[in-house]
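A quick write-up on the structure given underneath.
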Amino acid sequence: MITIIPEAPENVAAFNATGDVTREDFENLVIPHVKEKVDQYNELNYLLYLDTDLDNFTMGAWLQDALLGLKNLTKWNRTAIVTDKEGVQNFTDIFSVLMPGEFKSFPKENLYNALYWCKNGNEVEA
């Protein structure tokens with residue numbers, strides 16, 4: 001399931017993925033919310049917090065199709081993937097080549113830093 005992260009900055013479409021993530025999650029929540037942000041800000045700052053095992057996150061062709069489909073609908077600016085899974089971090093690196101904008105992965109304990117980076121383009125200094 002995907003839910004919106006309510007405490008995200010206003011210019012960031014931020015989502016939390018838990019349990020099983022389906023195509024319907026993207027069609028019914030992610031895509032409409034992303035379109036709303038792009039209409040409002042003329043760019044997309046996107047964050048996905050993966051709080052689920054990769055086994056529950058169908059990393060099949062539909063996910064690639066969803067992200068690549070969004071490529072043509074949006075003006076990608078910054079995308080953060082928050083996870084402790086190395087496989088997803090590698091997936092993020094691959095997508096950074098395919099998609100416009102900046103892609104970056106963050107460990108789970110750095111969610112605040114990831115939200116700040118999505119909003120501003122830089123990280124919180126320690």
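The values are calculated or read from the model by the stated rules, or taken from the named source; none is laboratory data. Quantities reported herein were computed from a predicted structural model and do not represent experimental measurements. Neighbour counts are summed over all protein chains in view; Cβ atoms, including those assigned to glycine, are modelled from backbone coordinates with ideal geometry. Heavy atoms of the whole protein, side chains included, go into the accessibility calculation; ligands, DNA and RNA do not. Shrake-Rupley method; radii C 1.70, N 1.55, O 1.52, S 1.80 Å.
Loop only by DSSP, 11 or fewer other Cβ within 10 Å of the Cβ. Give me the GluC sites (Glu not before Pro) in segment 1-39 that pass, ordered by residue number.
Glu7, Glu10
Using a cut-off of 14 Å between beta-carbons, work out the net charge of the residues near Ala114 (Lys and Arg +1, Asp and Glu -1, Ala114 not included).
It works out to a net charge of -2.
Once the piece of chain linking Glu43 and Lys75 is laid out straight, how much longer is it, given 0.36 nm per residue of separation minus the C-alpha distance between them?
Taking Glu43 through Lys75 to full extension adds about 11.1 nm, to one decimal.
Once you have the Cα-Cα distance between Thr3 and Asp84, take 0.36 nm times their residue separation minus that, and quote the gain in nm to one decimal.
Value of the extension gain: 27.3 nm.
On the full set of protein chains, 1.4 Å probe, figure out the accessible area of Asp51 and give it in Å² to the nearest 10.
Asp51 exposes around 70 Å² with every protein chain in place.
What is the gain in length, in nm to one decimal, between Arg23 and Glu123 on full extension, counting 0.36 nm per residue of separation less the C-alpha to C-alpha distance?
Fully extending the segment from Arg23 to Glu123 adds 32.8 nm.
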